[in-house]
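Since the structure comes first, as structure tokens, the remarks are kept for the end.
The values are calculated or read from the model by the stated rules, or taken from the named source; none is laboratory data. Small disclaimer: the values here were computed from a predicted structure and weren't measured. Neighbour counts run over all protein chains shown; Cβ positions are idealised from the backbone, glycine included. Note: accessible area is taken over every heavy atom of the protein model, side chains too, but ligands, DNA and RNA are not part of it. Shrake-Rupley method; radii C 1.70, N 1.55, O 1.52, S 1.80 Å.
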Amino acid sequence: MSANWFKEKSWSISGNKANDSKHLASTNTIIYPKSTQDVAELLASNQEAAVAVVCGGHSSSNVATWACFSEAAGKDDSYQDDNTIILDMKNMASVTVDKKLMEVTVGGGSTFRQLAQVCADAGGALPIGTGDTVGVCGYTMNGGLSGYFGKRLGMLGQRVVHMEIVIADGTVKNLTPESSGEDGNLFHACLGAGSAMGVVTSLTFKMEAAASFSTGGSIVVACGNKTSAEPFLKRALQFMKGSVLPTSSCSMEIVIVTDFTVIINFMFYDTFTGNTSSFVQQVRDDAKACNVPIVADDMSSYKAWFEAASSLWDVIAGLKGDPLVRVDHCIGTRSLPSDEVLDFVIDTWVGDYIQKAPLSLVEIRSLGGVTKEGSALPSGNVNALFFADMIVSYDGSSVSSQEKSSIMEDVHRIIVDAKKQGELMVDFSGTHSQSDDPPELLAKGDEIFGSQDNYELIKQTKHTFDSTNRFRFHPFAHLL
Ligand SMILES: Cc1cc2nc3c(=O)[nH]c(=O)nc-3n(C[C@H](O)[C@H](O)[C@H](O)COP(=O)(O)OP(=O)(O)OC[C@H]3O[C@@H](n4cnc5c(N)ncnc54)[C@H](O)[C@@H]3O)c2cc1C
């Protein structure tokens, strides 16, 4: 039963687990709470059990969904782990809106598709992530960032005005940014390390007016191979560094896919005063100078926030595998990246895995802006101005065991190399790192939570509210 549940619920399987056949036995204790009261009663009545909470099931390390496989599996196939409860939050997926206050409230199992639709209908905008099936709570509680909207709208966690959370002993807490003392610490800690603190049953966000988004679009360049892509990417990254990173009125995201098509997305906000087409002319000139063809060019394809917010939903739905295997990593800088960093991105970050794992992509993002001005959430994501993630992905049924291991070796080698680049932050993110990587590759607490002070506060808060570590199925298990 739970192996099927894992297959249905996990968006992908971690590349680090793709060759794992040890986990044969499983627990059947999967519960579907319908209300906060259900969650509170369950936690209060069975104080010994460890608890895994699953919202969208998109964690690249399968941190919570993997809990359906027992640690003792492989030793005894009939073993069932009765001491781990999985809470699948899918029945708590409500979204309600208060138009007057411009606030929207989601239940603990809501996904971005539901939130985006309600938000757009209410004339609002939020810095949501790109995937429609990603869990709103899983994203927010791990410091989720928005490459499209973050520079104007900040991070979603910075927009939380109310949080309902059930802590380890079953107590329900209602927290706001004004909460003080230990509750204030809990509120702050939850916005970067919340998956380690309790079961979030509801979050309320302050929306911005939809008019905060002006327009957006993309230029698509079919480079064909790495040799042709390199000179163009060099120029595109210089454009990002010189013209986009220093301003907060627009953002740029460069996506490189395995056939070396380069998709450059631009988003312009109400604060942008120039002409969008003229602004991006340099990119067109660079493609021409490098002799790589532009196959699509429309700077005003997105006329409204919802169109931009939902623009990748169809593309993401097409990423399929049996299973889809995936590993996520990221690098970033706090200030303008040096030319050495940009070279590293092109030469090394866009690595050989890209051909072996044909659903892979690299996304190079401009962040900062309002995010840097807002409350300093306890997530390394807050600190990044320049951000590049590497999503390595392939259909597990079409790749041999040997190739799977070889892909992981390539990826791990790149992370080791990245760590040697003094200027780079590496895997500093709860949403874009691979917490089941070998321990020597994992980032330290001050990096992943944004500062040593945040790390200390999170450790202390974890001890106060979950001293027996009931909530241990999260990306920070090696740190807390
Ligand atoms: C297609 C795709 C697009 C993505 N786009 C972005 C993006 O644009 N920006 C970005 O930052 N990230 C992005 N991500 C990464 C994503 O934000 C993280 O993987 C996130 O943690 C997924 O949350 P989830 O609820 O879907 O996953 P889950 O695996 O269900 O949960 C992840 C973690 O959060 C915990 N959790 C979930 N719900 C609750 C709850 N109600 N209470 C307590 N703990 C909870 C779980 O226990 C687990 O530890 C994307 C991922 C995918 C696959």
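Working only within segment 148-174, note down all residues that are more than 26 Å from residue 373 (Cα to Cα) and buried (at least 24 other Cβ atoms within 10 Å of the Cβ).
Matches in segment 148-174: 165, 166.
For residue 87, state whether it is assigned to a strand (DSSP E or B) and within 9 Å of the ligand (Cβ to nearest atom). It would help to see each step written out before you state the result.
Values: assigned to a strand (DSSP E or B): yes; within 9 Å of the ligand (Cβ to nearest atom): yes.
Here the answer is yes, as residue 87 does meet what is asked.
Check segment 450-461 and report whether any residue there is at pLDDT 95 or above, in contact with a strand residue (DSSP E or B) (Cβ under 9 Å, 6 or more places away or on another chain) and in a helix (DSSP H, G or I).
Applying the first criterion (at pLDDT 95 or above) to segment 450-461 yields 450-461.
Within this subset, residues satisfying the condition of being in contact with a strand residue (DSSP E or B) (Cβ under 9 Å, 6 or more places away or on another chain) are none.
No, the conditions are met nowhere in segment 450-461.
Considering segment 176-198 alone, what residues qualify as being in contact (Cβ under 8 Å) with a residue 12 or more places away in the chain, touching a helix residue (DSSP H, G or I) at 6+ places or on another chain (Cβ under 6 Å) and away from the ligand (no atom under 13 Å from the Cβ)?
182, 185
Please give the number of the condition residue 468 fails out of (1) away from the ligand (no atom under 16 Å from the Cβ); (2) assigned by TED's automatic domain parsing to the domain that holds residue 316; (3) assigned to a loop (DSSP other than H, G, I, E, B); (4) not small (Gly, Ala, Ser).
(2)
Being open to solvent by 40 Å² or more (accessible area, probe 1.4 Å) and within 13 Å of the ligand (Cβ to nearest atom) is the filter; apply it to segment 115-145 and report the residue that is modelled with the lowest pLDDT.
Checking each candidate, the answer is 130.
Can you report the number of residues in segment 95-114 which are more than 14 Å from residue 310 (Cα to Cα) and either near the ligand (Cβ under 8 Å from one of its atoms) or not charged (D, E, K, R) (or both)?
12
Can you name the residue in segment 32-51 that is open to solvent by less than 50 Å² (accessible area, probe 1.4 Å) and assigned to a loop (DSSP other than H, G, I, E, B) and is also nearest to residue 91 (Cα to Cα) among such residues?
Top of the filtered list is 33.
Does segment 184-193 hold any residues that are under 11 Å from residue 163 (Cα atoms) and either among the charged types (D, E, K, R) or under 19 Å from the mean Cα position of the chain (by Cα) (or both), and which are they?
Passing the criteria: 188, 190, 191.
Quick one: which of 259, 297, 286 is open to solvent by 10 Å² or more (accessible area, probe 1.4 Å) and either within 19 Å of residue 343 (Cα to Cα) or part of a strand (DSSP E or B) (or both)?
That would be 297, the only listed residue that is open to solvent by 10 Å² or more (accessible area, probe 1.4 Å) and either within 19 Å of residue 343 (Cα to Cα) or part of a strand (DSSP E or B) (or both).
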